[in-house]
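The values are calculated or read from the model by the stated rules, or taken from the named source; none is laboratory data. As the structure is a prediction and not an experimental result, all values here were calculated from the model. When we count neighbours, we look across all protein chains shown, and the Cβ atoms used for this are built from the backbone with ideal geometry, even at glycine.
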Amino acid sequence: SRLDSMRLILLGPPGAGKGTQAKNLVDHCGIAHISTGDLLRKAVADGTPLGQAAHRFMKAGELVPDDLIIQMVEDRIAEADCAEGFLLDGFPRTVPQADALGEMLKRKGLKIDVVLLLVVDDDDLVRRLSGRRSCSQRGAVYNLVFSPPKRDGICDACGSEALIQREDDKESTVRNRLKVYHNQTGPLIDYYKALGLLKAVDGGGKIETITAQLIEAMNSAAA
Ligand code: AP5
């Protein structure tokens, strides 16, 4: 199928389920998963210069400056596993990032095939993010309300007891992330609509139902 050579963007507010759905989609399609949030959290944990520069923005729920993000993504896309196709999760988040992405792909003779937008309303987002817990060992993601681990406080995937709350999932920080999303990332909806690339999917149902709808949207973009 053409799904194994697609280049797509998963767009949506914090807590919309980008990370959850991205894992399902890359498993299904066999393409690379590029999560700028995960790359940044790793840089922070490793104490790299990028991580040191990014940390104060992330903690406050603000965006990390475009130049740092664009360089990070350009380096990541140049890696071997991205050669056939990739899913971008959490990038682009500003118009300058979207312009830079378009230009870096154009230089390689490539383009984005489809932009999938996950639509979820703000109250649900706050509920989801306050219940989110992730495994600090390998990053499996749970929700205390919607998809709890089988045993309280223990990761299903690796058995560790290290389920943690992200430091930017405090309610006041979540509210700021939503504001930043609407102000700075919201304009990308019209940006990609104008390019004829946008497909909106209801992100409010069950995880598996949403995955099936996203795959259907990818198939129709590939046809
Ligand atoms: P990032 O890590 O990208 O965070 P985000 O966009 O705020 O997204 P989240 O990871 O919070 O949510 P998600 O949509 O992945 O939802 P998830 O699947 O986990 O960015 C973090 C920070 O890094 C930014 O604030 C910024 O500082 C910086 N950054 C990153 N990229 C940047 C960029 N390009 N430019 C500048 N700065 C950047 O799901 C959430 C919860 O809901 C989970 O508990 C999950 O289990 C649950 N859930 C999922 N689906 C469902 C469902 N269908 N029903 C019920 N619950 C569900």
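Hey, among Asp190, Asp152, Asp156, which residue is out of contact with any His (no Cβ under 6 Å at 6 or more places or on another chain), loosely packed, with under 15 Cβ neighbours inside 10 Å and either of a type in the set (Ser, Thr, Tyr) or over 23 Å from Gln21 (Cα atoms) (or both)?
After applying the criteria, what remains is Asp152.
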Only one residue in Leu105, Leu8 is over 16 Å from the mean Cα position of the chain (by Cα), in contact (Cβ under 8 Å) with a residue 60 or more places away in the chain, closer than 18 Å to Tyr191 by Cβ and more than 10 Å from the ligand (Cβ to nearest atom), so which one is that?
-> Leu105
For region 74-85, state whether one or more residues are surrounded by fewer than 20 Cβ atoms within 10 Å (Cβ to Cβ), without any contact (Cβ under 8 Å) to a residue 60 or more places away in the chain and within 12 Å of the ligand (Cβ to nearest atom).
-> yes
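Please tell me if Leu50 is more than 23 Å from Leu3 (Cβ to Cβ), within 8 Å of the ligand (Cβ to nearest atom) and of a type outside the set (Val, Ile, Thr). Steps first, answer last, please.
Values: more than 23 Å from Leu3 (Cβ to Cβ): yes; within 8 Å of the ligand (Cβ to nearest atom): no; of a type outside the set (Val, Ile, Thr): yes.
Criteria not met by Leu50.
Output the number of residues of region 200-211 satisfying the condition of being under 30 Å from Glu62 (Cβ atoms) and surrounded by fewer than 18 Cβ atoms within 10 Å (Cβ to Cβ).
Initially, region 200-211 is screened for residues under 30 Å from Glu62 (Cβ atoms), giving 200-204, 207, 210.
From the residues that got through so far, the ones that are surrounded by fewer than 18 Cβ atoms within 10 Å (Cβ to Cβ) too are 200, 202, 204, 207.
Summing the residues that are under 30 Å from Glu62 (Cβ atoms) and surrounded by fewer than 18 Cβ atoms within 10 Å (Cβ to Cβ) in region 200-211 gives 4.
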Could you grab the pairs with beta carbons closer than 6 Å, sequence gap of 6+ or different chains, first residue in region 120-133 and farther than 18 Å from Ile164 by Cα and near the ligand (Cβ under 6 Å from one of its atoms), second one among the β-branched types (Val, Ile, Thr) and assigned to a loop (DSSP other than H, G, I, E, B)?
-> none
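Name the single residue that is surrounded by the most Cβ atoms within 10 Å (Cβ to Cβ) among those in region 19-57 being among the hydrophobic types (A, V, I, L, M, F, W, C) and within 13 Å of the chain's Cα centre (by Cα). Please lay out each step first, then the result.
First, the residues of region 19-57 that are among the hydrophobic types (A, V, I, L, M, F, W, C): 22, 25-26, 29, 31-32, 34, 39-40, 43-45, 50, 53-54, 57.
With within 13 Å of the chain's Cα centre (by Cα) added as a condition, the list becomes 22, 25-26, 32, 34, 39-40.
Details: Ala22: 21, Leu25: 22, Val26: 17, Ala32: 19, Ile34: 24, Leu39: 20, Leu40: 22.
Within region 19-57, the match that is surrounded by the most Cβ atoms within 10 Å (Cβ to Cβ) is Ile34.
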Does Pro92 satisfy the criteria of being over 21 Å from Gly15 (Cα atoms) and not hydroxyl-bearing (Ser, Thr, Tyr)?
-> no
Given the structure, is Leu214 at pLDDT 95 or above and closer than 27 Å to Glu62 by Cβ?
-> no
How many of the residues making up region 70-97 are in contact with a strand residue (DSSP E or B) (Cβ under 7 Å, 6 or more places away or on another chain), part of a loop (DSSP other than H, G, I, E, B) and either of a type in the set (Ser, Thr, Tyr) or more than 27 Å from Arg177 (Cβ to Cβ) (or both)?
-> 1
Output the qualifying pairs, or none if there are none: Cβ atoms under 9 angstrom, residues six or more apart or on different chains, first residue in region 16-31 and on the phi > 0 side of the Ramachandran plot, second residue surrounded by fewer than 22 Cβ atoms within 10 Å (Cβ to Cβ) and of a type in the set (Asp, Glu).
-> Gly30/Asp4; Gly30/Glu84
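Among the residues of region 159-178, count how many are without any contact (Cβ under 8 Å) to a residue 24 or more places away in the chain, under 28 Å from Phe91 (Cα atoms) and loosely packed, with under 13 Cβ neighbours inside 10 Å.
So in region 159-178, the residues without any contact (Cβ under 8 Å) to a residue 24 or more places away in the chain come out as 159, 161, 170, 172.
Narrowing the set further to residues that are under 28 Å from Phe91 (Cα atoms) leaves 170, 172.
With the extra rule that they be loosely packed, with under 13 Cβ neighbours inside 10 Å, the set shrinks to 172.
Final tally of qualifying residues: 1.
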Among the listed residues Thr94, Thr36, which satisfies the condition of being out of contact with any Leu (no Cβ under 6 Å at 6 or more places or on another chain), under 24 Å from Arg133 (Cβ atoms) and hydroxyl-bearing (Ser, Thr, Tyr)?
-> Thr36
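Confirm whether Asp113 is closer than 15 Å to Ile9 by Cα, within 8 Å of the ligand (Cβ to nearest atom) and in contact (Cβ under 8 Å) with a residue 40 or more places away in the chain. Break it down into steps so the answer makes sense when it comes.
Values: closer than 15 Å to Ile9 by Cα: yes; within 8 Å of the ligand (Cβ to nearest atom): no; in contact (Cβ under 8 Å) with a residue 40 or more places away in the chain: yes.
So Asp113 fails the test.
Got a sec? Which of Ala32, Ala60 is more than 7 Å from the ligand (Cβ to nearest atom) and closer than 27 Å to Ala80 by Cα? Quick ask: steps written out before the conclusion?
Working: Ala60 fails: closer than 27 Å to Ala80 by Cα.
Testing whether each residue is more than 7 Å from the ligand (Cβ to nearest atom) and closer than 27 Å to Ala80 by Cα leaves just Ala32.
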